[in-house]
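Here's the structure, in structure tokens; my notes come after.
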Amino acid sequence: MSFARMQEALRAEGWFVKWNMPCCQSCAWAELEHDDLSKVLFNYSQDCEIDDEHTEECSSCDGDGMIESPDYDDFEPDEDGNEQYVECDYCGGEGYLRGSYEGLDYEPDVSVSGFACIPPEAAGGSLFCFDGSDQGVLNFKSILSIIEGSGCKVDWNGSGDSRPLIKWKWSNT
């Protein structure tokens, strides 16, 4: 039972399948490059982000990731009169500090800037996005047997306005 097995089987059928697309659903859809958007299945960083106990807002930039130019002697607003900002050195422009991940039994996925996420093997499941149009729903229904044949379970109400929960680890209790 694995995300990788499901991903491989669906890609063989012409689907775009990805774990941890950038940021939120809107950002992820905007970044997608696939010929047929009715054959897309992904989750995004906010779906698989590690809980807040492992991160904290950067106090140096108040979570903005940017600070006013430190060259105060040479500081001059740009031609439009806007203040000049630079990336915060303390947090690297992310706006938060990653805490200790000691005690986790996996290495966090940090492939998307600003997010530390649980990898699919450790997560064991997630909500996924797909095209909720009539064609997208038909296409998703047509691959349910492939998903289940890959050792996964799908919890979904069959509607284009809901996201399916796909699990590859579960308890028998």
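Table for the structure above
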| read-out | value |
| --- | --- |
| Net length gained if the chain between residue 35 and residue 141 were fully extended (0.36 nm per residue, minus Cα distance) | 36.2 nm |
| Proximal charge balance of residue 167 [Cβ under 9 Å; K/R count +1, D/E count -1] | +1 |
| Extension gain from residue 161 to residue 8, taking 0.36 nm per residue of separation minus the Cα-Cα distance | 52.5 nm |
| Two-site label geometry, residue 127 and residue 104: point separation in nm, points 7 Å out along Cα→Cβ | 2.1 nm |
| Those lysines that a straight Cα-Cα span of less than 18 Å connects to residue 39, excepting residues fewer than 8 apart in one chain | 18, 141 |
| Nitroxide proxy distance, nm - points 7 Å out along Cα→Cβ at residue 57 and residue 89 | 2.4 nm |
| Gain in span if fully extended, residue 148 to residue 113, counting 0.36 nm per residue against the direct Cα distance | 9.4 nm |
| For segment 1-68, accessible area per residue (1.4 Å probe, heavy atoms of protein chains only), Å² | 56 Å² |
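The values are calculated or read from the model by the stated rules, or taken from the named source; none is laboratory data. Just so you know, these numbers come straight off a predicted model, no measurement behind them. With ideal geometry, Cβ positions are generated from the backbone for all residues, glycine too; neighbour counts draw on all protein chains shown. Just so you know, the surface numbers come from the protein's heavy atoms only, side chains and all, with ligands and any DNA or RNA stripped out. Shrake-Rupley method; radii C 1.70, N 1.55, O 1.52, S 1.80 Å.
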